[in-house]
Structure formats: structure tokens, C-alpha cells
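Since the structure comes first, as C-alpha cells, the remarks are kept for the end.
Read the figures in this text as sums done on the coordinates, not as results from a lab. Computed from a prediction, not measured in an experiment: that's the story for all the values here. No Cβ is skipped: glycine too gets one built from the backbone with ideal geometry, and neighbour counts run over all protein chains shown.
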Amino acid sequence: MAKISIELVELEYHNYHLLVQGKFEDGEKAYWIIDTGASKTVFDKNLSQYCTQVEPANNEEYQSAGISEGMVETSVGELRYMAFGKLKVKDQKVALINLDHVNEIYQKYRDVRICGLLGSDLLKKYQCVIDYKYETISFSRPRK
């Protein structure tokens, strides 16, 4: 199990995003929004050096819709390597979208680049538990 700190970023009064830091294989820090409402994990297509674009199994597999914007142009990728504490995530399928609009918002609050959103697919696979009291997230290794 990997237990790591999360940061609650207050974007508006009493409205928070959960932010977790990871690392890419080259040691570069990566900041993720934990999005329990997202069905799929999303990755910024502008960071193509860390993923490979792949063909979806079907046309609907990785379509993305935002609450306020309707359908978003999406392709499918495979994130080669990501680490959250001691947990190493390899070959994770992700929806690739442009996250420039998210990063524009975050620049007002934190000097970090958001690389993606951890969706329910990854959170379930690694049996994640979010502890708001201690501001941590725990990842377990998936059962085989």
C-alpha cells in the first residue's frame, strides 16, 4: 500500500479540488486532480512524451463530457509510467484531452501544472481511500 499526502486547493470559498503529486519515470513531478466523479482517468495531450496514443476498442470507449462544456475532443492514450509514492503505475489507459483551460485556472491559486485527473477507473483498480481528516490518499496493489 502507498499512502501519500493530498492537498486541498480552495478554488472558491468552501469549494475544493483534491491534488496529489506523482512522478514520471524521468523524475519530473506530476500533479493530478483526484476526480471521483470522472469515469475515466484523463491526461493532458500536451504531455505526449509520457504516453502513447492508441486506437480505442470502440468509438464510445473514451468520449469525454464536461459538466459545463458538452463533448470534448478526446483521443485514447496509454500512460507508460507514473509513480504515486511507492506505487508504480504502468500502461494505464487514459483519455487524452487538452488541459490548458484547467491549467489557466490553477495558475491563479498554485504554481503547478496539472497533468491529469485521476478517474474512477484508476481509483477503483487501486482501491483508493481518501482520508480527509489526515489529507491522504492510499493506493493498494490490484488483486490478480
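Observations
- Length released on extending from Arg143 to Glu10, taking residue separation times 0.36 nm less the Cα-Cα span: 44.4 nm
- Counting only lysines at least 8 places from Lys88 when in the same chain, those with an alpha carbon closer than 30 Å to its own are Lys3, Lys23, Lys29, Lys40, Lys45, Lys124, Lys125, Lys133, Lys144.
- Working note: Cα gyration tensor of segment 2-139, eigenvalues times five, square-rooted, sorted largest first, giving semi-axes of 22, 18, 15 Å.
- Note on Ile130 and Glu25: their simple-model spin labels are 3.0 nm apart, each label 7 Å out from Cα toward Cβ.
- Alpha-carbon centroids, segment 69-144 and segment 1-27: separation in whole Å: 9 Å
- Pair Lys86, Ser120: separation of 7 Å Cα→Cβ label points (nm): 3.0 nm
- Summing charges over neighbours of Lys45, with a neighbour being any other residue whose Cβ is under 12 Å away from its Cβ, gives -3 when K and R count +1 and D and E count -1.
- Dipole magnitude of the chain, debye to nearest 20 (Cβ charges: Lys/Arg +1, Asp/Glu -1, about Cα centre): 880 debye
- Protection proxy ranking of 129-135, 15-21 - average other beta-carbon atoms within 10 Å, highest first: 15-21, 129-135
- Leading residue at positive end of dipole, the chain (Cβ point charges), from Ile130, Pro56, Gly116: Ile130
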